[in-house]
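This report refers to the structure that appears directly beneath it.
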Amino acid sequence: MTGKRSIIHPALVLVALAIGVSAQARLVPVAEGWAKNQINAVIFRKNSVTSFKNAQYVAFYDEDSRVVVAKRELGRTKWQIRQTQFTGNTSDAHNSISIAVDGRGFVHLAWSNHNTKLNYARSVASGSLEFGSMASMIGRTEDKVTYPEFYSMQNGDLMFFYRDGASGNGNLVLNRYDIKTATWNRVQDNLVYGEGQRNAYPQIIADRKDAIHLSWVWRETSDVATNHDLCYARSSDGGKTWTRS
């Protein structure tokens, strides 16, 4: 079995690969990154490293709070590194970066989102580290975005989850990117609805059959001590309908 995981060191961005059951993890240095807090390595960060065909991609903030993306050929240690035109509010460790590559090789990037307007961009070409201007996805319910997460589907489409609202008062939103039309579509406005009184803190995974598994706890206020109950739901049709356990 081949396992892959990413490690982001506070001062130096690294990628660790473990190939084979008996193989040891190998650290592959990328570049120096932001080190004044843990924004490049927060525990809730998703999609810090991703692979497509024979290429691997990472994204991180540098010492000037610039969003940096890097790419390498799998099996090699040399990275192609590009400092993008985007910056983030690195003083708030919630503003982590999320990346994904769609089925046509375009890189998608979301960054610096903590109860703020959506920061999102897509690469200008397949496999490129150059990005176009910031853009909206749907154009609505994108003013209070937190915890952006991309997930890849077997046909190359992407799923995008985020919280609309604040801690203790927010809803879970789901968009889908169609590689055939190169457009985003809204699947769920309020997948998990907080009723204006609470919000869900979710964990999500898409399996090899495109089933989406969602677990969450409720939080009544911004205080973590108000977390309660563990819930679960699953969708086998791309998030349109859900069943509970």
- [ ] Could you tell me which of the residues 203, 188 is under 26 Å from residue 104 (Cβ atoms), touching a strand residue (DSSP E or B) at 6+ places or on another chain (Cβ under 6 Å) and touching a residue at least 12 places away in the same chain (Cβ under 8 Å)?
- [x] 188
- [ ] Please report, ordered by residue number, the strands (runs of 3 or more DSSP E) entirely within region 129-240 with at least 1 residues that are over 20 Å from residue 98 (Cα atoms) and open to solvent by 20 Å² or more (accessible area, probe 1.4 Å).
- [x] 169-178, 183-192, 212-219, 227-235
- [ ] Among the residues of region 232-245, write down those that are modelled with pLDDT of 95 or more and of a type outside the set (Val, Ile, Thr).
- [x] 232, 233, 234, 235, 236, 237, 238, 239, 240, 242
- [ ] Would you mind stating whether residue 93 is closer than 25 Å to residue 171 by Cβ, open to solvent by less than 10 Å² (accessible area, probe 1.4 Å) and small (Gly, Ala, Ser)?
- [x] no
Open item on the list: Quick test for you: out of 171, 119, pick the one residue that is over 19 Å from residue 56 (Cα atoms) and at pLDDT below 95.
Closed with: 171
Open item on the list: Given (1) open to solvent by 10 Å² or more (accessible area, probe 1.4 Å); (2) more than 29 Å from residue 200 (Cα to Cα); (3) in contact with a Ser or Thr (Cβ under 6 Å, 6 or more places away or on another chain), identify the lone condition not met by residue 105.
Closed with: (1)
- [ ] Could you please give the count of residues in region 70-90 that are more than 17 Å from residue 133 (Cα to Cα), exposed (fewer than 14 other Cβ atoms within 10 Å of the Cβ) and not hydrophobic (A, V, I, L, M, F, W, C)?
- [x] 6
Task: Given (1) within 17 Å of the chain's Cα centre (by Cα); (2) within 17 Å of residue 50 (Cα to Cα), index of the condition residue 117 fails - done: (2)
TODO: Would you please name the residue that is nearest to residue 126 (Cα to Cα), looking only at residues in region 42-69 that are crowded, with 20+ Cβ neighbours inside 10 Å and of a type in the set (A, V, I, L, M, F, W, C)?
DONE: 52
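The values are calculated or read from the model by the stated rules, or taken from the named source; none is laboratory data. All values derive from a computational prediction rather than experimental measurement. Cβ sites come from the backbone with ideal geometry, for glycine too, and all protein chains shown count toward neighbours. Calculation scope for accessible area: heavy atoms of the full protein, side chains included, ligands and nucleic acids excluded. Shrake-Rupley method; radii C 1.70, N 1.55, O 1.52, S 1.80 Å.
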